[in-house]
Amino acid sequence: MRHADRRFGSAERLEWLRGQISELDDLIRHTLLQRHRAPLAGVLTEASTLAGWTSLDIGSLKQAWAHYEQAKSAAREAESAALLAHATAEQAFVLIDAGNVEDAVELFAEARDIGKRAPRLLRAWLAAAQGEGHAISGDGDNALRSFDEADELRPSELVHPELPFLFLGGTHLDRWRGNALVHLGAEEAISHLEAVIEGVPSEFVRARASACVDLALAYSAAGDREGAETYARQGLGGCRNRPASSVDSSRHVEGASSSAPGVPSCRELDGWRTGRSRADALAYSAEEITMRSTEIVLRLLGGDFNVEPEDPRLAPLRRELHDALAPARPLPTWPAEAPEQQLDHVWISAGLSAERPASVNSTVSDHLPVEVTVRRSGLDARDDLRSATPLPD
């Protein structure tokens with residue numbers, strides 16, 4: 001399952017995961033002996049952490065937090081410090097996306113302490129995760145120190161029988177460090193990422209798209225608009241080349257093994273988290289809007305942003321654009337069969353007006369399309385511009 005997620009995204013698989021989690025939880029509740037419960041709990045931990053990461057990927061922080069709490073509880077049932085450390089570290093990224101970086105850094109430290117006797121592969125992963133936390137907090141010295149520790153800890157044998165879901169081979173750790181350099185605004189971010197991006201396997205579509213977004217941000221910070229646009233287009237192309245059945249930066253699961261006989265396997269780490277690329281892309285879009293505000297007067301930005309309207313990561317857009325769908329709220333668009341969240345958006349600049357925003361009943365995608373009539377102020381209906389989302393992935 002995670003092989004497909006690595007290439008195409010996995011939001012539409014979340015309901016399947018929840019069903020598997022429910023079955024595993026019920027099976028554990030009806031299993032008497034601990035020697036039988038423990039391996040089942042190990043699989044439940046893997047399924048719950050994948051569900052947590054998938055929820056984070058679509059911007060559902062509350063659901064992600066709940067899945068990680070269940071993962072940690074299952075890891076304790078499994079009596080596995082390694083699984084508990086991994087789930088704890090991934091949960092810290094929920095705090096980061098919620099804007100609580102200080103507590104996230106403390107949770108990363110706790111995860112490393114829990115996993116201090118874990119295999120070297122997991123300790124390397126935990127060090128890199130902590131490094132990203134330090135980078136996002138602006139602590140460059142500790143960030144780079146953590147990535148140096150990850151390099152030292154990373155074993156030559158990158159597959160461990162107890163950690164089939166972890167992978168730090170190839171360029172994964174180098175790309176992860178590059179993402180941290182971008183967060184820190186380091187001058188070497190561009191040269192570092194360009195040195196590793198060609199080594200990203202072609203099947204790692206989202207990983208490559210994330211690296212391109214990081215490079216776009218780095219070039220933009222350096223004032224090189226041409227370089228920023230080049231990589232932004234490459235990153236956008238990677239997102240659009242996914243199948244329509246799929247649903248965005250760093251670290252995690254790509255293969256899977258089953259710890260208990262007859263229980264479906266869950267995942268295998270691909271080393272590049274997907275949720276943050278979408279947020280970074282939004283920030284880049286807002287920055288580009290600001291950079292070009294003197295060149296182009298009218299702006300319309302629409303699509304599947306994988307976050308709800310109140311998400312703090314949309315703040316940069318709010319400074320430059322207006323939410324064209326706001327009058328129609330609540331306007332849930334995902335999942336299409338029983339929508340609960342509005343993940344699809346249309347934003348417009350000053351000089352444009354929006355009328356009749358609505359969702360459109362359709363099951364062609366896992367998102368409902370949205371439709372809004374947009375016109376330049378003062379024009380009549382014959383000059384309407386129509387915008388509908390989601391755009392093809």
Residue 92 being more than 24 Å from residue 64 (Cα to Cα) and surrounded by 24 or more Cβ atoms within 10 Å (Cβ to Cβ): no
Is it the case that the stretch 155-169 has a residue that's hydrophobic (A, V, I, L, M, F, W, C) and at pLDDT 95 or above? no
Listed by first then second residue, the pairs whose first member lies in the stretch 56-75 and is farther than 18 Å from residue 20 by Cα, whose partner is among the hydroxyl-bearing types (Ser, Thr, Tyr) and assigned to a helix (DSSP H, G or I), with beta carbons under 8 Å and at least 6 positions apart or on separate chains, are 61/55
Any residue in the stretch 182-205 that is within 26 Å of residue 101 (Cα to Cα) and touching a Ser or Thr at 6+ places or on another chain (Cβ under 8 Å)? no
How many residues, within the stretch 124-146, are farther than 18 Å from residue 90 by Cβ and surrounded by fewer than 22 Cβ atoms within 10 Å (Cβ to Cβ)? 7
Kindly provide the set of residues from the stretch 61-71 that are crowded, with 24+ Cβ neighbours inside 10 Å and either more than 13 Å from residue 25 (Cβ to Cβ) or at pLDDT below 95 (or both), ordered by number. 64, 68
Check 107, 144, 121 and return the single one that is assigned by TED's automatic domain parsing to the domain that holds residue 175 and at pLDDT below 95. 121
Which listed residue, of 188, 198, 203, 162, is closer than 21 Å to residue 144 by Cα and either in the same structural domain as residue 141 (by TED's automatic domain parsing) or surrounded by fewer than 21 Cβ atoms within 10 Å (Cβ to Cβ) (or both): 188
Which residues, counting only those in the stretch 351-375, are modelled with pLDDT under 85 and more than 16 Å from residue 301 (Cβ to Cβ)? 362, 363, 364, 365, 366
If you go through the stretch 212-225 one residue at a time, do you hit one that is modelled with pLDDT under 90, in contact with a Ser or Thr (Cβ under 6 Å, 6 or more places away or on another chain) and loosely packed, with under 15 Cβ neighbours inside 10 Å? no
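Would you call residue 324 over 21 Å from the mean Cα position of the chain (by Cα) and at pLDDT 90 or above?
yes
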Looking at 114, 21, can you tell me which residue is farther than 17 Å from residue 162 by Cβ and either touching a strand residue (DSSP E or B) at 6+ places or on another chain (Cβ under 7 Å) or surrounded by fewer than 24 Cβ atoms within 10 Å (Cβ to Cβ) (or both)? 21
Going by what's in this entry, would residue 191 be described as polar (S, T, N, Q) and either over 24 Å from residue 122 (Cβ atoms) or at pLDDT 90 or above (or both)? yes
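The values are calculated or read from the model by the stated rules, or taken from the named source; none is laboratory data. As the structure is a prediction and not an experimental result, all values here were calculated from the model. Note that we place each Cβ from the backbone using ideal geometry, even for glycine, and neighbour counts take in every protein chain shown.
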